[in-house]
Structure formats: structure tokens, C-alpha cells
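Asker: A single structure is presented below for examination.
The values are calculated or read from the model by the stated rules, or taken from the named source; none is laboratory data. Treat the numbers as computed from the prediction; the structure is a model and nothing was measured. Cβ atoms come from the backbone with ideal geometry, glycine included; neighbour counts cover every protein chain shown.
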Amino acid sequence: MNATIRVNGTEEPLAAATVAELLAARGISRPRGVAVAVNGALVTARNWAAVALAAGDTIEIVKPFGGG
Amino acid sequence: MNATIRVNGTEEPLAAATVAELLAARGISRPRGVAVAVNGALVTARNWAAVALAAGDTIEIVKPFGGG
Amino acid sequence: MNATIRVNGTEEPLAAATVAELLAARGISRPRGVAVAVNGALVTARNWAAVALAAGDTIEIVKPFGGG
Amino acid sequence: MNATIRVNGTEEPLAAATVAELLAARGISRPRGVAVAVNGALVTARNWAAVALAAGDTIEIVKPFGGG
Amino acid sequence: MDALTIAGRALGSRLFMGSGGYPNQQVLLDSLTAGEPSLVTVAIRRISLEGYAESLLDVLGDRYALLPNTAGCMTVKDAVLTAELGREALQTHWVKLELIGDRETQYPDVIQLLEATETLVAAGFIVLPYCNDDPVTCRKLADVGAAAVMPLGSPIGSGLGIVNPHAIERIVATSPVPVILDAGVGTASDAALAMELGCDGVLLNTAVARARDPRRMAAAMRAAVVAGREARLAGRIPRRTLAEPSSPQLGLIGG
Amino acid sequence: MDALTIAGRALGSRLFMGSGGYPNQQVLLDSLTAGEPSLVTVAIRRISLEGYAESLLDVLGDRYALLPNTAGCMTVKDAVLTAELGREALQTHWVKLELIGDRETQYPDVIQLLEATETLVAAGFIVLPYCNDDPVTCRKLADVGAAAVMPLGSPIGSGLGIVNPHAIERIVATSPVPVILDAGVGTASDAALAMELGCDGVLLNTAVARARDPRRMAAAMRAAVVAGREARLAGRIPRRTLAEPSSPQLGLIGG
Amino acid sequence: MDALTIAGRALGSRLFMGSGGYPNQQVLLDSLTAGEPSLVTVAIRRISLEGYAESLLDVLGDRYALLPNTAGCMTVKDAVLTAELGREALQTHWVKLELIGDRETQYPDVIQLLEATETLVAAGFIVLPYCNDDPVTCRKLADVGAAAVMPLGSPIGSGLGIVNPHAIERIVATSPVPVILDAGVGTASDAALAMELGCDGVLLNTAVARARDPRRMAAAMRAAVVAGREARLAGRIPRRTLAEPSSPQLGLIGG
Amino acid sequence: MDALTIAGRALGSRLFMGSGGYPNQQVLLDSLTAGEPSLVTVAIRRISLEGYAESLLDVLGDRYALLPNTAGCMTVKDAVLTAELGREALQTHWVKLELIGDRETQYPDVIQLLEATETLVAAGFIVLPYCNDDPVTCRKLADVGAAAVMPLGSPIGSGLGIVNPHAIERIVATSPVPVILDAGVGTASDAALAMELGCDGVLLNTAVARARDPRRMAAAMRAAVVAGREARLAGRIPRRTLAEPSSPQLGLIGG
């Protein structure tokens, strides 16, 4: 069986070594307007490249939407 | 052409000589709870037999209904 | 006993021959902003000089005041 | 200097050995409708005679009053 | 509850009920039994041309004082003739006078209402006019001989209750004749409020007839009119924006 | 009227009355007689140091179920001890829990209220907390074991009635325990409205005690609670902005 | 803001202001400057017998369109003569017609009001009658030639705002002529609400003249009339008793 | 209009607007242009997994101060993390804190709200909590460091306006920090009323976004906030139940 991670609530194969790679795979290069949390803890943009992903990690990738 | 009267808004042949006859034809014998007007004027029960009907008369026959 | 008139609700001796004189005695020369009624009827400025006053006349002299 | 206790918010000399004596001195014999706390803890009627008073004790003696 | 007197006649209950729009006659009868009204209004309408069915008079006449109305009339002429027909049919001099000026809101036409009131009073009627919540019009109605004035709380059957309590209070304060809140009552608290504002009675119909359980609502209205009347006589507390504790502020423990 | 059950105990009346602020004890007794409450609240206060006067317990104890309150308490500690003293003095496990957060409005401190409720429930009390009209807080109080929730209609003694009926309706719709409208009632129609909104009962004090005629207002409140309860069960008509005539629209004369 | 047209005359502002009861003339002038009304009402009164003082006409005449009123008149005769005197004094055919039926509430006498309106219209006046919030009376006033109807929101100077919004909405829905909310406005939100209900304009006096800072309140009223008019044209959201979240309900973290 | 200062930051406008629920982005932009808010709230949500679309930040970031919210969060944990993600994404320390306790009414969970406020304040956030209209809770929020309190007028998106003005006035009277009316505004007069009650600002979204013409409603809201603020500062007249004539009562003709 393969290693998986949970990204924004959806299970997927672990295919990225770091947060930065995960974002890049989604076309997100620059940090502007995007924020990331891994396992319930914020990962600031400065650390995207440094933070490694492991099987079972839960990642949240968010941005602003219209709201009240 | 025949003589007609208007009873409760409906045209009909003049077939009764008096108010009393008109009511009788409708099964109304006793005055209790019924009132009649001919040509816009009240005809009290005591006069039902006396008041003659003529072609073109307008008759209203009313009774109480549920209301607020 | 002397002839009197009633001006704005107050009895006073009849000392003016016309509406114009009555107004002049009160320092009202020009019609602007003033209106007069004699015995319940409007007297337009044009007629101030023409309308004679008689004993017992009731005169109203009005102008605009602050109101809602 | 004399030993004192605080009863219903008022300082007074310690003149009773037990809660029961304190109440008796105030004409309260039967427990009905009365409740007592010593130093913030309820003392049930059954223990009034058993609970000794010491200098510095704070006693509350209450009963029901009109209220909403 | 203290009695209400209109035109010299003492009325045992301050609740008047209409007889229209009930699911069926049995529910009407049960609801009247539960509500115990002193007057029951009825409409005067043409008999069906198919013939003569049982009359409301036979059903209610012996147990209730019936008050014929001129509901739906939009001219003085129709209202006056309808009043005369009602007097003849029910053998009563009392009439609830309605003169409608707007079908949608059923608001009265006060100009024609005053004229018809004057005419019917002269003809010996005891006139109870359904009117708007205008203190001046109510006063004029009394001046031309109305035995009571019956201002609306809100449109007939709307269930909005009393939209302008200030106006009703003013009418009560200035009316030389009894004031009956007519129209707009939707539930029991509306009827209670009417009495608390000083009204002498309440006339309602739809709130009971169209309730899910008319019998029960009639009982509720009966209790509400009593509650409101008693509260009025008891003299309510003033309104304040801050609190007024009901328990002693002294003698708390730990002080 | 159908019975109300709180914590397994059937209460004959849905009206609860306070015992504070009456002109004198006789008026209090007469008012309770007229109001027929199923519960009568009392405050727990220090006895006067001059000695032991007749107790309310002797006066009311045999005829009424007394409900001690923690009125005026502003800390969990004082409220809990006052509750324990009340239980001892009145030999009842029931308590009306008050935890005041603002003296001016007598608004509750809901944070401390929840903590004290939890503590007293654990200590075996039947807790009836006086709370604000917040559906979420009411739900939390029930979740920690409150036997009923008692939201305010408006500030204690203000007589403003029920300022936010939407909130009360929401509390009723979501509460797993009975809802008693506590505080703000000024007159009979307010009490009726509380019941119409779905409350299971009404607790009031100032509206009766400070009325011009407390006995009469108590009778009014008793009738109002019945009226409101019956109206709630009867199912009121919907509100509409236009009229709905109660008399037939057909069969008018002159048509 | 879109223009308002009455009797064929385009009015730049939908705010009309009264000129009575200001602390002094300078405050009146400053307040009018801040409020920018399209019409300014004035009363017609006897000159002081001591002689002729400066006239409001000299002070306001060049800058504002003055609208003489018949304030305080209680008979058709006095109202008609006052209207004629006002026309002569101010050289305008426009008149705000008041016919008071009750001094305490300043409610209009609608019977006399209709008669006077008809008389003045026949005499060539542009008549703007101050009336009550009765849709039927408003309709009759328009039928006899009123150029606009000016229903009260609540008694003159009461500051109670619009007590019966349903009635005002009905008047707006059925009036063939412009509707100006006259009387009762107490603060800016009242003026905004009048416009939101569909009124074509607002006439006020006391709310500004007696405010602590009349100039500032005049500016507030000017902004409020614009706000209310724009809101009316924008089409407000419907009212609902439960919530409608404004943020997305999907995509929350932790789901 | 006088400026509002929150946490030492001067805000040019007292109107805050949400960015959710608009028909499309152009209408949102036009509406913000018309409303001229000093703060614009945004929600923090997961990016669609399909990839990275244009961000609101690119669209609004340069022109408006964005205020991230924690809308929809029902636990302290989710709210705190959402606040941290919002700070990271928008590079602002300000957060509109929402902690929902009831999905249907969107009422806040005040217990968790207090805890989250304390946590975020300790973490260096400027916290603006959306709360209920409870003066005691508002005071506690300020005590734990909230930079402002944002009580609801009625449920989010309900358009019911300010249901309990007494509570809002009490919050204003006792709050050591600015009070922003958040939630419930349905139309311009509601926003004006909020300011008249003494609120320092108004936050709204649905009333504009879902209006028939959002741009126009935004302009209306902008004017309404100014009108309400000016009226508050001007000092409104007292309410009275009887009339106070604005024209002289002396000097009428015919006297």
C-alpha cells in the first residue's frame, strides 16, 4: 500500500517532499494571498521549502474568499 | 315579450302577484329571519301580502349568514 | 360714543378712512409679505387705497412667521 | 485584646462556644427556616451543637425573605 | 369582571364574536360556547335562489344576542337598507355599521360612515360603527349619536394586532361612548392588550374561526379579555429601561 | 390547562410568582391566593441582628412550594453557598440560580452561570437558571444539567415585556428542557405573549407586587397565562398585511 | 437623487423643512443651509400691533420656495381665508393645508379637510393637505384635487416616527399623487424609513428645530432622505427569522 | 464625519462591508466603490483543488484594508488556526473573530468566543469579535483585550434590523472599546438607527450583496451611516405621546 497525505480534506498519494513542492504542483509559487497549515499548525511561507511532508500528514491550503 | 322582475340580482318572469306569493313559491311562509325590500325600500312582513309586484320591480330577499 | 373697528382681534377707534391709511399708520407702506382681510374677505394690495373702512369692521393684518 | 468573630458582616466578641450557643443567644432554637455557614461552609442544623467557634471565625445566619 | 353598558344595556361579557368563516356549524357553536360572547355578529345576505335553508337565527337566536352587520357595503344607501333589512330579519335595533372604502384593506370610508350613522340614529337604530383608529373621527361618530365606536387595531383578518396603541389610548381618553376594539386581533395577547389600553370590549372573528382549533382559541380569547380588563383596573407598573431588582439588595452573604 | 413537568415533578400552574416588594404581607398573601402559582420564589438573606422575626417559611411554607433564589450574587462562590443555605433553610433541592453580571440591568453573567449550574447539579440540586435570551447559552445550560432555562424578556422589573420574541421562539424551538420566561413582564398581555411564543411557564414578581392593585394584577396574570397557553395550543392565524373579510363576499344586496 | 415632481413642478430635494421653533433666526438659516430643502413651510399670523418687524419673507424669500400653511385652523372658513392671505402675502398658489380636529394630538379633521381641499382647488390653489394615515381618506383627497397627500407618521412634534408603516405603505401603493410623510419624524432613521416605505418626500420641523444641534440634525436629515430614497430604489432584502450566512459554507478547514 | 479609531488606527469611514454573496465580482467592486468602507471583511477558505484562481487579494488588496474573518468556525481550535492562516495570507494582525454556536441563527458561542479572544490577543492579534447583544459578555470581551465589540442587531442576513435597541444602548453606555453593529441590517434606516443608538460603526454584507441593486444600496448605506452618526451627535428630540405644534399657537386669525 502507498503512503498518502490529506490535502484540504482529500486523501492523495504522498508525491511531494516539501510543502513548497506540494504548492508548486498546484501552480502556487508565490506566497501572496496563500497560507498553509500542516497537522493543525501554521507553516509560514518562509518555511515552505524547509518543511518536509510525511505519510499521514494533514495539510490545509487556504486563501481569501468573499465573506462577511 | 314577457313581464319580468329582478329577484336577488337575477331576472325572472313576473309570476307572483304579491311579495307573499313570491316568497311562498320559494317555500318561505313564516317571516322569522327573513327580510324583503322592493325597489330599494323595506317591506315589513306585515305587508308581504298587501304589496303587489309589477313588471320591472327589483326585489331583495335576505337572511342572516355567518359574518364578522 | 365713538366709532370703532376691530384690528387683529383688538377693538380700536376708527381713525383711518381706508385700509391703506390703517396700514400706513402702522408703518406698512409696501405690500411685500403682508396680507389683509376685511370682514372675512381678502383685500388685495391693489385695493388697499380703494377700500374704505366703516365702524364695526373687522380687519386682519398678517404676515409669515416661522411655522411647520 | 479580645477574641472576636464576624457574624453577618459585623465584628463581635467571641462569647459562644458553639454555633448552637450563638443562635440561642439570638433566640433561635429550632432550625426551621434558618441556615448557617461558618467560614464559607454550610453547617447543617444537626451539627450546630457540635461545631465549635474560634476567634476569627466568619458566620452567616440566614433565612428566607421576600424575593423574585 | 365588571359589566359593560352600551346604550343602557348591560352586557355580561366584554367579548363580542363574529360567526363567519368557521369550518362548520358545530365548530361555530362550540366556539361560541367556549367564548361566551355577549353579542354575536351576523351578515345579512341574499337567500340562495334554490330556496330556504335553515337560518342562523334558528341555530343561534335563542342563545345569543345577534348583532347584524353591514359588512361589504360601500355606499350609504346599501348600508342603510342592509341595516333596515337586518333589523326586520332579526328584530333588533342594534347594528354593526360597516362602510368599506377599500376592498383590499377593508378600511372604512369615514365620510360615508358618519353620514350613515347620522341617518340610522335618526331612524332609531343603536349604531356601533366599525371605524379607523382616528381619535377625531371617533369623536365625531359619538357626536352624531353612535352608541359605541369600534376602531380597528389593524386590517380585518390580518392578525397584526394593535399597530397603533397610542391612537387607541387617545380614542379611549377622549371618547364619550364605549370603545370596542374591532378587527386585527390575531391571538389572545392582542385581545388582552386592547383591554389594557382601556378599550371597553373586543370584537373578533377570524382569529377564532380560522385558528387551528377554534374552540380552544375561543376559550383563550375569553380568558384574555378578562386578563386584560383586570390588568387595566389593577394599574400596571411603569416601563423603565434599567432593572428594578425584586429581591432585597441588602443582607447578602459575604458582604 | 395542561400540566407542566420539571425534573419529573408535575406543576399544576404555569405561573411562578416572586414574593418581594409587596406593600405588606397581607397583600402578598392575597396576591398569591389570586395568582395561584405553583412555585413561589424567595430570597435568602441574613437575619437581622436584633433577633429572630417571623419567617416567610411560617407564613407561606404550608401553602406554597417555595423556590429559594440566589438573587444579587455576583460570584460562583456566593451563589453556590447561597444555594446551599437555601436548601438547608427550606429543605428543598430546587434553586432559582441567579448570577448577576451588571447591577444596572441585572443581566446575568453567563460564564459564571454555566459554571455554577454545573457545580450545583453535581451537588444534587434541581437548578433553574435565570439567563439571557441567547439560544446558544440556553442550550449549554441544559447540556450541563439545568432542569429548565429561564430567559429574560427584558430587564428585571423593567416592565418592557418581551423585547426579542424571535430569540425566545428560537430558545423554545431548540431547548431540550422547559423554558420559563423570567423577568420583564409588565402586564397581562406580556405574560400571554410569553406563552404564545411557546414558553412553558412565566415567572414574575414586580409586575404584581408594584401594581396599583397587586391582588387584581395577580388574578389578571393567572388568566393571562391560561389565555396564552390555550392560544399557543389552538394555533394562531398567520399574519397578513392586507385584510381577510370575515363576512361572505357574495350575496350582498344591490349587486 | 432622482427629482420629485408635484403639480408639474420639479423639486430638487425630497426634504421639506418647517421654519418654526428654532432657537434664533441664525440657527434657522444655518439649518436650512445644511438641510437644503426644496420647500420651506411658514405660518400666517397677525402682525404684532406694535408695528412692522422684519419679515421672514425678506430673510428667506430669495433663497427658498416658501410654502404657507394653515396651521392651527379648526374650521374650513379660517383655513380657506388663511390660505388666501398666505397666497397674497407670499405670492404663491401653493398651500400646506392643515385642519386640526384635536389640539392635543394635532390630528386632522378629515371631513373638513376634504371640504377645504375641494374649495381651495376650485380657487386655483395647489393644495398639499396634512392628513392622517388612512388610505381611504388619502385617496379621496387626491380625487378632489390634492396635488400630494401628506399623512402623519405620528403626532406633530412627538418624535415617535412612523407608528403604522403598513398604512403608509398602503397609501403609497394606492395614491395617484405623491406622498409626503408629514409629522412625527424624530431622528434621521425615521426620515430614511419614510422614504424606504415608498414616500416621495419628507416634511419635518421640530426634529431639527428642537434638536440639541439643529444645524447638525438638518445635515443628518438631508443625508437620511437620500439614504432612504436610494435604499427604496435599490430594493431591500427580504426579512427572515433565521440566519443567512454571508461567508461560504464550504471549504472550511478541518472538514 | 468624525473619524473612528480602533486599536490606535484611525478609520476614515464608519462603514465596514463584507465581500460575500455578490452576483459577480464587478458588482462587488462597484458596490465597494459606492460604499467607501474603511474595512472589507473576507473569509478564509481552502483553495479549490483544481488549482489556483485569481485571489480576492489581487482584486481588492491594493484599494481596501481587508479584514479576515473566522466565519463558520465552531471550535476555538478551528477559529484560532483560521485566524493565523488569515494573518499569514493577508499580512494583517486584525481579525473578525466568529465562533458560531448555532448554525440556524448563526448566534455566537460566547464561552468559546471569550477563550479564543484571549488566546488571539495573547498571540498579538487585534481582535474584533462578533458577539450577541449581551452587555455583560461585551464587557468581558473588552476586559480580555478585544479591540472592539461587534454585537448583532439580529441574525446574520435576516434583515430584521436591531431587534433590541435597549441592549445596544446599554452596550454602548458601558463598553470601554468601540461598538460596531454587526449582523441584521436589512436596509439604510437600520444602519442609521445603529449609529443613533451610539454605535461607533456598522458592519454589513447581505443587505448590500443581495439587494436588487447592490451598488445603489451600498451608496444608501454610506449615506445612512453618515446620517445616523450626525443625528447622534446632534442630539435628537425626546419622544412624547401627544403633539408639540411647530407653528405659533397665538396670532391666528379670527381669534
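Asker: State whether one or more residues within region A:50-62 are under 21 Å from H:THR92 (Cα atoms), surrounded by 14 or more Cβ atoms within 10 Å (Cβ to Cβ) and acidic (Asp, Glu).
Answerer: Yes, some residue in region A:50-62 is under 21 Å from H:THR92 (Cα atoms), surrounded by 14 or more Cβ atoms within 10 Å (Cβ to Cβ) and acidic (Asp, Glu).
Asker: Does any residue of region F:172-179 turn out to be at the interface with chain E (Cβ under 8 Å from one of its Cβ atoms), farther than 30 Å from E:TYR107 by Cα, touching a Lys or Arg at 6+ places or on another chain (Cβ under 7 Å) and surrounded by fewer than 23 Cβ atoms within 10 Å (Cβ to Cβ)?
Answerer: no
Asker: Go through region A:4-17 and report how many residues are in contact with a helix residue (DSSP H, G or I) (Cβ under 9 Å, 6 or more places away or on another chain) and not in a loop (DSSP other than H, G, I, E, B).
Answerer: Taking region A:4-17 and keeping what is in contact with a helix residue (DSSP H, G or I) (Cβ under 9 Å, 6 or more places away or on another chain), we get A:5, A:7, A:15-16.
Applying the additional criterion that residues be not in a loop (DSSP other than H, G, I, E, B) yields A:5, A:7.
Qualifying residue count for the region: 2.
Asker: Is it fair to say F:ILE180 is touching a residue at least 12 places away in the same chain (Cβ under 8 Å), in contact with a helix residue (DSSP H, G or I) (Cβ under 6 Å, 6 or more places away or on another chain), farther than 23 Å from E:ALA183 by Cα and of a type in the set (Val, Ile, Thr)?
Answerer: For F:ILE180, the condition - touching a residue at least 12 places away in the same chain (Cβ under 8 Å), in contact with a helix residue (DSSP H, G or I) (Cβ under 6 Å, 6 or more places away or on another chain), farther than 23 Å from E:ALA183 by Cα and of a type in the set (Val, Ile, Thr) - is not met.
Asker: Determine whether G:LEU67 is aliphatic (A, V, I, L, M) and buried (at least 24 other Cβ atoms within 10 Å of the Cβ). Break it down into steps so the answer makes sense when it comes.
Answerer: Working: aliphatic (A, V, I, L, M): yes; buried (at least 24 other Cβ atoms within 10 Å of the Cβ): yes.
Yes; evaluated as a whole, the condition is true for this residue.
Asker: For H:VAL185, state whether it is surrounded by 24 or more Cβ atoms within 10 Å (Cβ to Cβ) and either without any contact (Cβ under 8 Å) to a residue 12 or more places away in the chain or in a helix (DSSP H, G or I) (or both).
Answerer: Spelling it out, it is not the case that H:VAL185 is surrounded by 24 or more Cβ atoms within 10 Å (Cβ to Cβ) and either without any contact (Cβ under 8 Å) to a residue 12 or more places away in the chain or in a helix (DSSP H, G or I) (or both).
Asker: Only one of G:THR206, G:THR187 is in contact with a Ser or Thr (Cβ under 6 Å, 6 or more places away or on another chain) and of a type in the set (Val, Ile, Thr). Can you tell me which?
Answerer: G:THR206
Yes/no per residue for (1) crowded, with 24+ Cβ neighbours inside 10 Å; (2) polar (S, T, N, Q); (3) in contact with an Asp or Glu (Cβ under 9 Å, 6 or more places away or on another chain); (4) free of Cβ contacts under 8 Å to residues at least 12 places away in the same chain:
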| position | (1), (2), (3), (4) |
| --- | --- |
| E:THR119 | no, yes, no, no |
| E:CYS138 | yes, no, no, no |
| E:ALA146 | yes, no, no, no |
| E:LEU152 | yes, no, yes, no |
| E:ALA167 | yes, no, yes, no |
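Asker: Here is a follow-up. Return the residue satisfying two criteria in turn: it lies in region E:188-211 and is assigned to a helix (DSSP H, G or I) and touching a residue at least 60 places away in the same chain (Cβ under 8 Å), and of such residues it is surrounded by the most Cβ atoms within 10 Å (Cβ to Cβ).
Answerer: In this case the residue turns out to be E:ALA191.
Asker: Which of the residues belonging to region E:81-107 are buried (at least 24 other Cβ atoms within 10 Å of the Cβ) and either of a type in the set (Gly, Ala, Ser) or in contact with a Phe, Trp or Tyr (Cβ under 6 Å, 6 or more places away or on another chain) (or both)?
Answerer: If the condition is that a residue be buried (at least 24 other Cβ atoms within 10 Å of the Cβ) and either of a type in the set (Gly, Ala, Ser) or in contact with a Phe, Trp or Tyr (Cβ under 6 Å, 6 or more places away or on another chain) (or both), then E:ALA83, E:GLY86, E:ALA89, E:VAL95, E:GLU98 are the ones that fit.
Asker: So which of E:THR92, E:THR117 is over 27 Å from G:GLU115 (Cβ atoms) and either hydroxyl-bearing (Ser, Thr, Tyr) or out of contact with any helix residue (DSSP H, G or I) (no Cβ under 9 Å at 6 or more places or on another chain) (or both)?
Answerer: On the way: E:THR117 fails: over 27 Å from G:GLU115 (Cβ atoms).
So the residue among E:THR92, E:THR117 that is over 27 Å from G:GLU115 (Cβ atoms) and either hydroxyl-bearing (Ser, Thr, Tyr) or out of contact with any helix residue (DSSP H, G or I) (no Cβ under 9 Å at 6 or more places or on another chain) (or both) is E:THR92.
Asker: A follow-up question, please. Scan region F:30-55 for residues that are modelled with pLDDT of 95 or more and either farther than 20 Å from F:GLY157 by Cα or of a type in the set (Ser, Thr, Tyr) (or both) and report the count.
Answerer: 7
Asker: Here's something else I'd like to know. Does D:ALA54 count as assigned to a loop (DSSP other than H, G, I, E, B), small (Gly, Ala, Ser) and either over 26 Å from E:PRO248 (Cβ atoms) or within 11 Å of another protein chain (Cβ to nearest Cβ) (or both)?
Answerer: In short, yes.
Per-residue answers, yes or no, for (1) hydrophobic (A, V, I, L, M, F, W, C); (2) farther than 21 Å from F:ALA146 by Cα:
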site	(1), (2)
F:ILE6	yes, no
F:SER38	no, no
F:TYR64	no, yes
F:ALA71	yes, no
F:ARG87	no, no
F:ASP102	no, yes
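Asker: Mind telling me which of the residues E:ARG14, E:ARG9 ends up being surrounded by 15 or more Cβ atoms within 10 Å (Cβ to Cβ) and charged (D, E, K, R)?
Answerer: Testing whether each residue is surrounded by 15 or more Cβ atoms within 10 Å (Cβ to Cβ) and charged (D, E, K, R) leaves just E:ARG14.
Asker: Additional query: Tell me, please, whether a residue that is over 20 Å from G:ASP102 (Cα atoms), charged (D, E, K, R), buried (at least 21 other Cβ atoms within 10 Å of the Cβ) and in contact with a helix residue (DSSP H, G or I) (Cβ under 6 Å, 6 or more places away or on another chain) can be found in region E:124-135. Break it down into steps so the answer makes sense when it comes.
Answerer: The first filter runs over region E:124-135 and keeps only residues over 20 Å from G:ASP102 (Cα atoms), leaving E:124-130.
Now drop any that are not charged (D, E, K, R), which leaves none.
Checked region E:124-135: no residue is over 20 Å from G:ASP102 (Cα atoms), charged (D, E, K, R), buried (at least 21 other Cβ atoms within 10 Å of the Cβ) and in contact with a helix residue (DSSP H, G or I) (Cβ under 6 Å, 6 or more places away or on another chain).
Asker: Only one of (1) in contact with a strand residue (DSSP E or B) (Cβ under 9 Å, 6 or more places away or on another chain); (2) free of Cβ contacts under 8 Å to residues at least 24 places away in the same chain is not met by C:THR10, so which one is it?
Answerer: Of everything listed in (1) in contact with a strand residue (DSSP E or B) (Cβ under 9 Å, 6 or more places away or on another chain); (2) free of Cβ contacts under 8 Å to residues at least 24 places away in the same chain, C:THR10 misses just condition (1).
Asker: Does C:ALA49 count as out of contact with any Asp or Glu (no Cβ under 6 Å at 6 or more places or on another chain), part of a loop (DSSP other than H, G, I, E, B), over 21 Å from G:ALA83 (Cα atoms) and in contact (Cβ under 8 Å) with a residue 12 or more places away in the chain? Even if it seems obvious, please write down each step before you answer.
Answerer: Working: out of contact with any Asp or Glu (no Cβ under 6 Å at 6 or more places or on another chain): yes; part of a loop (DSSP other than H, G, I, E, B): yes; over 21 Å from G:ALA83 (Cα atoms): yes; in contact (Cβ under 8 Å) with a residue 12 or more places away in the chain: yes.
Yes; evaluated as a whole, the condition is true for this residue.
Asker: Do we have E:SER13 as part of a helix (DSSP H, G or I) and closer than 26 Å to E:ALA220 by Cα here?
Answerer: In short, no.
Asker: Name every residue in region C:1-30 that is surrounded by fewer than 17 Cβ atoms within 10 Å (Cβ to Cβ) and within 14 Å of another protein chain (Cβ to nearest Cβ), in order of residue number.
Answerer: Matches in region C:1-30: C:ARG6, C:GLY9, C:THR10, C:GLU11, C:GLU12, C:PRO13, C:ALA15, C:ALA24, C:ALA25, C:GLY27, C:SER29, C:ARG30.
Asker: Here are G:ARG229, G:ARG215, G:ARG222, G:ARG239: which of them is facing chain H (nearest Cβ under 9 Å), surrounded by fewer than 24 Cβ atoms within 10 Å (Cβ to Cβ), not in a loop (DSSP other than H, G, I, E, B) and not aromatic (Phe, Trp, Tyr)?
Answerer: Working: G:ARG229 fails: surrounded by fewer than 24 Cβ atoms within 10 Å (Cβ to Cβ); G:ARG222 fails: surrounded by fewer than 24 Cβ atoms within 10 Å (Cβ to Cβ); G:ARG239 fails: not in a loop (DSSP other than H, G, I, E, B).
The unique qualifying residue is G:ARG215.
Asker: Now, a different point. Please work out if H:GLY254 is facing chain G (nearest Cβ under 7 Å), over 17 Å from H:VAL40 (Cα atoms), surrounded by fewer than 22 Cβ atoms within 10 Å (Cβ to Cβ) and touching a Leu at 6+ places or on another chain (Cβ under 9 Å). If you could, list the steps in order and put the result at the bottom.
Answerer: Numbers: facing chain G (nearest Cβ under 7 Å): yes; over 17 Å from H:VAL40 (Cα atoms): yes; surrounded by fewer than 22 Cβ atoms within 10 Å (Cβ to Cβ): yes; touching a Leu at 6+ places or on another chain (Cβ under 9 Å): yes.
Taking the combined requirement at face value, the residue satisfies it.
Asker: Which one is nearest to the other protein chains (Cβ to nearest Cβ), of the residues in region H:143-163 that are more than 16 Å from the chain's Cα centre (by Cα) and either among the basic types (Lys, Arg) or assigned to a loop (DSSP other than H, G, I, E, B) (or both)?
Answerer: Going through the qualifying residues, I end up with H:VAL144.
Asker: For H:VAL76, only one of the following conditions fails: (1) more than 18 Å from H:ALA147 (Cβ to Cβ); (2) aliphatic (A, V, I, L, M); (3) within 19 Å of the chain's Cα centre (by Cα). What is its number?
Answerer: (3)
Asker: While we're on this one: Could you list, in sequence order, all residues of region G:56-69 that are facing chain C (nearest Cβ under 9 Å) and modelled with pLDDT of 95 or more?
Answerer: Initially, region G:56-69 is screened for residues facing chain C (nearest Cβ under 9 Å), giving G:56-58, G:60-61, G:66, G:68-69.
Listed by number, the residues that qualify are G:LEU66, G:PRO68, G:ASN69.
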